[in-house]
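Below is one structure, written out as structure tokens; the observations come after it.
The values are calculated or read from the model by the stated rules, or taken from the named source; none is laboratory data. Since this is a predicted model, take the numbers as computed values, not measurements. Note that each Cβ is placed from the backbone with ideal geometry, even for glycine, and that neighbours are counted across all protein chains shown.
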Amino acid sequence: MNGLLVIDKEKDFTSRDLVNITEKIFDTRKVGHAGTLDPMATGVLVLAVGTGVKVLEYLNDSTKEYIATVKMGLLTDTLDVTGNILEENKDFNITKERLTEVLNSFLGKYEQVVPLYSSVKVSGERLYKYARKNKEVELPKREVEIFNIELLDYNKDEFVFKTTVSKGTYIRSLIRDIGESLGICCTMKDLRRTRQGDFSLEDAISVENLRNNRIKLIPIEKVFKDMLIVDVDDYIENKINHGAILRNLYDRSPIVYRNKNHEIIAIYEVYAKDNTKVKPVKVFYGK
């Protein structure tokens, strides 16, 4: 069985928990997920089964949409309400107009400092391990992009916003940075991912349905719907499975090749040394 599953992750489940459940259902170790969600977060989590794990990198590169709830006047070590309180302040008055102005200022690209409690590696060790050992470490920065940000709700000490962001964006860090721009501390209270790439909550099944095997795999070709998909015969399929370089017959790249059974078998890109040829960057059924 090969394909994708979209799960509406519930709170207190880890992404790994849902991978473990899926491995048991399909009796395979070939299960992975795209875009880790913290245990407190809910929403869209895309799982891949079988050869589907080979497309996860393409899903990780896609944009993500979130709805986040923010607690103002609070800062924790994890940048969410599950952490230890570092700072608390109730003496502030932020207007809705000021908040909207600050949110809009984050549109576009900016350098974001990743959270200390994250799985990013520094000198071969994950940041959360530095935190647990109380070891000092310089937090790396990443260029991220905020494509859209919209205030949904606001009251005295909380607000809710929706945002669409690029790969690698930490919403906890974005909330921290919004707070710094407002001149107060802010911490994430709740997070729900509503979309990843072309997959949304409308595609998702519940954890209960997953556990009870009430599921239907989504073909992996949905990931490549905006790419050129070319059907090939057995002869070309055999060449592809052996990693052969092919003639470039098209004016688009990358090219997704599909066999006569409508299975995605490989992804090719233009050969840098000779643009009349294409070479494999991912072969799904190689020999």
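Filter region 90-109 down to the residues that are exposed (fewer than 11 other Cβ atoms within 10 Å of the Cβ), more than 23 Å from the chain's Cα centre (by Cα) and free of Cβ contacts under 8 Å to residues at least 60 places away in the same chain and list them by number.
91, 93, 95, 97, listed by residue number.
When you go through 141, 162, 167, 133 one by one, which is the residue that is more than 29 Å from residue 58 (Cα to Cα) and not aliphatic (A, V, I, L, M)?
One residue alone meets the criteria, 133.
Only one of (1) touching a helix residue (DSSP H, G or I) at 6+ places or on another chain (Cβ under 7 Å); (2) surrounded by fewer than 19 Cβ atoms within 10 Å (Cβ to Cβ) fails for residue 196. Which number is that?
Residue 196 satisfies every listed condition except (2).
Tally up the residues in region 150-198 that are assigned to a strand (DSSP E or B), closer than 21 Å to residue 96 by Cβ and basic (Lys, Arg), please.
Counting residues in region 150-198 that are assigned to a strand (DSSP E or B), closer than 21 Å to residue 96 by Cβ and basic (Lys, Arg) gives 2.
Give the residues of region 203-237 that are touching a Gly at 6+ places or on another chain (Cβ under 8 Å) and either among the polar types (S, T, N, Q) or part of a helix (DSSP H, G or I) (or both), sorted by residue number.
Hits for region 203-237 are 220, 223.
In region 165-184, how many are closer than 16 Å to residue 145 by Cβ and either touching a Lys or Arg at 6+ places or on another chain (Cβ under 7 Å) or surrounded by fewer than 16 Cβ atoms within 10 Å (Cβ to Cβ) (or both)?
Residues in region 165-184 being closer than 16 Å to residue 145 by Cβ and either touching a Lys or Arg at 6+ places or on another chain (Cβ under 7 Å) or surrounded by fewer than 16 Cβ atoms within 10 Å (Cβ to Cβ) (or both): 3 in total.
Going by the conditions given, is residue 142 more than 21 Å from residue 82 (Cα to Cα) and either at pLDDT 90 or above or not assigned by TED's automatic domain parsing to the domain that holds residue 178 (or both)?
yes
Can you tell me which residue within region 66-86, out of those that are within 22 Å of residue 166 (Cβ to Cβ) and hydrophobic (A, V, I, L, M, F, W, C), is surrounded by the fewest Cβ atoms within 10 Å (Cβ to Cβ)?
Residue satisfying both the conditions and the ranking: 67.
Of everything in region 266-280, what is of a type in the set (A, V, I, L, M) and modelled with pLDDT of 90 or more? Give them in sequence order.
Result: 266, 267, 270, 278.
I'm checking my understanding of the structure. Among residues of region 231-287 that are among the hydroxyl-bearing types (Ser, Thr, Tyr) and more than 27 Å from the chain's Cα centre (by Cα), which one is farthest from residue 53 (Cα to Cα)?
Among those that are among the hydroxyl-bearing types (Ser, Thr, Tyr) and more than 27 Å from the chain's Cα centre (by Cα), it is 276.
Touching a helix residue (DSSP H, G or I) at 6+ places or on another chain (Cβ under 6 Å), in contact (Cβ under 8 Å) with a residue 40 or more places away in the chain and either closer than 17 Å to residue 62 by Cβ or among the hydroxyl-bearing types (Ser, Thr, Tyr) (or both) - does that describe any residue in region 200-215?
no
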